[in-house]
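**Q** Handing you a structure now.
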Amino acid sequence: MSTNLANLLYLIPIVAFILALRFLSNPAHARRGNQIGAAGMLVAVVVTWIQVGSTSWWAIVIGMAIGGGFGAVAARRVKMTAMPQMVALFNGVGGGAAALIALAELHRILPEPGRPKIDIALAIALSGLIGTISFSGSMVAFAKLQELIQGRPITYPGQKLGNLSLLAVCVALSITLVSGVQDEWLLWVVIGGATLFGVLFVLPIGGADMPVVISLLNAFTGLAVAIGGFELENNVLIVAGMLVGASGTLLTLMMGRAMNRSIANVLFGAFGQVSAGAAAAAESDGGTVRSATAEDVAVMLAYAHKVVFVPGYGLAVAQAQHDVRQLADLLEEKGVEVSYAIHPVAGRMPGHMNVLLAEANVPYPQLKEMDEANPEFGRTDVALVVGANDVVNPDARNNQGSPIYGMPILNVDDAQSVVVLKRSMNPGFAGIENPLFYNPKTVMLFGDAKESMVKLIEDVKDL
Amino acid sequence: MLAIFLGFEVISKVPTLLHTPLMSGTNAIHGIVLVGAMIVLAQPDKDAFAWVVGFLGVVLGSANVVGGFVVTDRMLEMFKKREPPKAPDAGSDDGTSAG
C-alpha cells in the first residue's frame, strides 16, 4: 500500500476518534462512542498491518495476542471498584510503549551517516522522557489505589527541591542529547531518571487526588504518543495522540474544578498530609465519639420522616450497593422519604457512586447531586453516611488550616442526626481528621458497610 | 494544531458523571501507540535489541488498546442498565450541575 493511500485511510480512525470523544461526552451516546473508537482503532491497525507488509508478522501477532489477551482478561475480571487502578495500569503501559518507540528509533537511526536531525532527536528525547514519567507515575498510582503501597502521601524534607532537581537533570540530559552528543546511553540515563521522577512525583500525592493525577498522566501519554508519531512520521499517531493530550489536559482541569482545587495544589500540596496543627486541634476539641448498635440505628431510621443516604468509597469497597437499595426499599415501605446525596467526587472517581447505585437499580430521581442535596439536609431527620469521609468533612467549610479547606462538601451536619457507617476510626483515604465524628449529633456504627447494612435490614424488618 | 483545538472543543462540556468513562476512553485512544510499535517491529534489518523493544512495545500497546476499550465499555454498561428508554433525560440532568 502506498503511503498516500495509507494516509488517506488513516483519516477513518482519526474521524472515528473525534466522534468517539464527542459521543463519550454525552451519557446517551457514550457507549456507542466507545464502540466507534474501538472500530477506528481496528481500522488503524489493519491499515498499518497492510502497509508495513509481512516482515516479522508473526512477532506482531504473538505480541498482540499476549498484550491483548492480558488486557481483555484483566479488564473483564476486575471488579467495578477497582476500575480506577485499571485505567492507571493501561495508561501506564501506553506510556511505556511510547518510551520504547523512542528507544527503538534512536537505536535504529544512530548508526546512519549524518546522525539524527535535530527535530527527530528532540522528539526522541521528549517522548522518551514523557512516556517514561507516565509509565512509572501510573504504576505508582496503580499501586496506591490497589493498596499495594500506602495511599497516604509520602513526604520527606526537601522533596519538592529534590524532585525538581531530578527533573532538571533529565531535561538537561535531553538537551545534551538533542544538541549533538547522541549516544544511546544518554537516553538510557534520561529514561532511568524519568522513571525515578515519575515515582517520586506521584508518591507524595494522596489517594483522593489520584483520579486527577491519572487524568494528567493520561494526557502525558497522549503527548508522548503524538511525539512518537513525529519520529515515525505517522499521522494517525500524531493526531490521535494530540487529541488525547488536549482533551486529557482539559479533563484534568475539569476534574480539579469539580473538587474545587487547582492542579498545582493537587500536585504539590501533598494533599492529605495531616498537618500537625489540624490534627491536634481535632483531638483537643475533646470531642468524644459515640458508637451505636445496629438496633439503635434501625429504630432511628424506621421512625424518621426523611432519610438521606450519603454513599462514599466504603460503599464501593464493601460492594454494599444492593443492600443499601434493599434498606431504602424497606424504609420506603414504612413511609420514610428516601434519597441519596451524591458528592461529585465521592468514591475514587467522579461518577463512581452513580455507577454503583445504577448497578443496584436505584431509581434515578432519588439520586441528588450536591447542589440539590445540600438545602435538603435542613429538613432531614437522619443522614446515613455509608463509608464516606472527606466529602462530608465540615473542616472543608470551617477550618482554614485543613488541607481540604474550600472544597464543597455535603452538609450532613445540618441534619437532625447523622449516622456514620465506618470500618474504624482511622482517618479516610486523604488521611485527615474529620470533626463530624466528634459532633454530638453523630453516632458511629462501626463495621464493614455491607455487614452493617445487612444487620440494619434485619433489624428494620424486625421492628 | 487542529487536533489540539478539536481535543479541547469536543469535550468542553462534559457532565461530572462521565469524567471517568471519558478519561478511560481517551486512555484507550492513545493505545494507537500500538500502530507505532507495529511499525517499529516491522522494520527490516533490525538487530536483537530492536526486536525485543519492538515486541515489548506491541505487547504493551495492545494491552492498552484492548484493556482501555473493554474497561470503558464495562463502565458505560453500568449507566445503560438504569432506565434504558429514559437515558437521555438522565444525562441532561447531570449536565446542568456539572459546573
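**Q** Taking Cα centroids, how far is region A:332-402 from region A:171-238 in Å?
**A** Spelled out, the Cα-based centre of one part sits 38 Å from the other.
**Q** Oh, and also: FRET efficiency for A:LEU164 and A:ILE50, Cβ-Cβ distance as r, R0 = 30 Å, nearest 0.05?
**A** Efficiency computed from Cβ-Cβ geometry: 0.05.
**Q** Sum up the charges of everything whose Cβ sits under 9 Å from the Cβ of B:VAL40, counting Lys and Arg as +1 and Asp and Glu as -1, but leave B:VAL40 out.
**A** +1
**Q** Give me the net charge of A:VAL324's neighbourhood, meaning all other residues with Cβ under 12 Å from the Cβ of A:VAL324; Lys, Arg count +1, Asp, Glu -1.
**A** Net charge around A:VAL324: -1.
**Q** Also: Are any of the pairs A:LYS368/A:LYS422; A:LYS117/B:LYS46; A:LYS144/A:LYS455 more than 25 Å apart by Cα-Cα distance, and if so, which?
**A** From A:LYS368/A:LYS422; A:LYS117/B:LYS46; A:LYS144/A:LYS455, over 25 Å: A:LYS144/A:LYS455.
**Q** Same structure again: So how tilted is helix A:210-232 from the main axis of chain A? Cα-based, degrees 0 to 90, rounded to 10.
**A** Orientation of helix A:210-232: about 10 degrees from the principal axis.
**Q** Using only Cα atoms and rounding to the nearest 10 degrees, what angle (0 to 90) does helix A:184-202 make with the longest principal axis of chain A?
**A** That works out to roughly 10 degrees.
**Q** Summing +1 for each Lys or Arg and -1 for each Asp or Glu, what net charge is found among the other residues whose Cβ lies under 12 Å from the Cβ of A:VAL336? Please report the intermediate quantities before stating the final value.
**A** Numbers: positive: A:LYS306, A:LYS334; negative: A:ASP329, A:GLU332, A:GLU333, A:GLU337, A:ASP381.
Local net charge: -3.
**Q** Continuing with the same structure: Rank these by accessible area, largest first, 1.4 Å probe: A:THR81, A:THR55.
**A** A:THR55, A:THR81
**Q** Okay, next question. If I ignore ligands, DNA and RNA and count only protein heavy atoms, how much of A:PHE135 is accessible to a 1.4 Å probe, in Å² to the nearest 10?
**A** 70
**Q** In what sequence, largest accessible area first, do A:SER424, B:SER24 appear using a 1.4 Å probe?
**A** A:SER424, B:SER24
**Q** 5 Å is the cut-off here: which amide hydrogens, built 1.01 Å from N in the peptide plane, fall below it relative to A:VAL362, excluding neighbours closer than 5 in sequence?
**A** none
**Q** While we're here: With each run of n ≥ 4 DSSP H residues scored as -39500 (n - 2.57), what mean residue ellipticity at 222 nm is computed for chain A after dividing by its residue count and rounding to the nearest 500 deg cm²/dmol?
**A** -20000 deg cm²/dmol
**Q** Next up: Please give the helix A:30-52 orientation as an angle from the longest Cα principal axis of chain A, in degrees from 0 to 90, rounded to the nearest 10.
**A** 20
**Q** How do A:GLU451, A:GLU105, A:GLU332 rank by accessible surface area computed with a 1.4 Å probe, from largest to smallest? Could the numbers behind the result be given before it?
**A** Numbers: A:GLU451 115, A:GLU105 5, A:GLU332 80 Å².
Highest to lowest solvent-accessible surface, that is A:GLU451, A:GLU332, A:GLU105.
**Q** Using a ≥ b ≥ c from the Cα gyration tensor of chain A (square roots of the eigenvalues), is it rounded, prolate or oblate, where a/c under 1.5 gives rounded and otherwise the larger of a/b and b/c decides, a/b for prolate?
**A** Details: a/c = 2.89, a/b = 1.81, b/c = 1.59.
Verdict is prolate for chain A.
**Q** Which value, in Å² rounded to 10, gives the accessible area of A:ILE227 with a 1.4 Å probe and all protein chains present?
**A** Ignoring ligands and nucleic acids, A:ILE227 comes out at about 20 Å².
**Q** List the residues, sorted by chain then number, that are 5 or more residues from A:SER291 or on another chain and whose placed amide H is less than 5 Å from its amide H.
**A** Amide H to amide H, under 5 Å and 5 or more residues apart or across chains, A:SER291 pairs with A:MET444.
**Q** Starting from the Cα of A:LYS79, draw a straight line to each of the aspartates and glutamates and keep only those under 14 Å, dropping any in the same chain fewer than 8 residues away.
**A** Hits, sequence-local ones excluded: A:GLU359, B:ASP73, B:GLU77.
**Q** Where nothing but the Cβ of Lys and Arg (+1) and of Asp and Glu (-1) is charged, how large is the charge dipole of region A:378-460 around its Cα centre, in debye to the nearest 20?
**A** My answer is approximately 60 debye.
**Q** At 0.36 nm per residue, minus the direct Cα-Cα distance, what do A:LEU110 and A:ARG290 gain on full extension? Give it in nm, one decimal, please.
**A** That pair, A:LEU110 and A:ARG290, stretches by 57.8 nm at full extension.
**Q** A follow-up question, please. Within 10 Å of each Cβ of A:39-46, how many other protein chain Cβ atoms are there on average?
**A** Other-chain Cβ atoms within 10 Å of each residue's Cβ, averaged: 4.
The values are calculated or read from the model by the stated rules, or taken from the named source; none is laboratory data. The model shown is predicted, which means the values in this text are computed figures rather than measured ones. Heads up, the Cβs are rebuilt from the backbone with ideal geometry, glycines too, and the neighbour counts pull from every protein chain shown. Areas reflect the complete protein model, heavy atoms only, side chains present, ligands, DNA and RNA absent. Shrake-Rupley method; radii C 1.70, N 1.55, O 1.52, S 1.80 Å.
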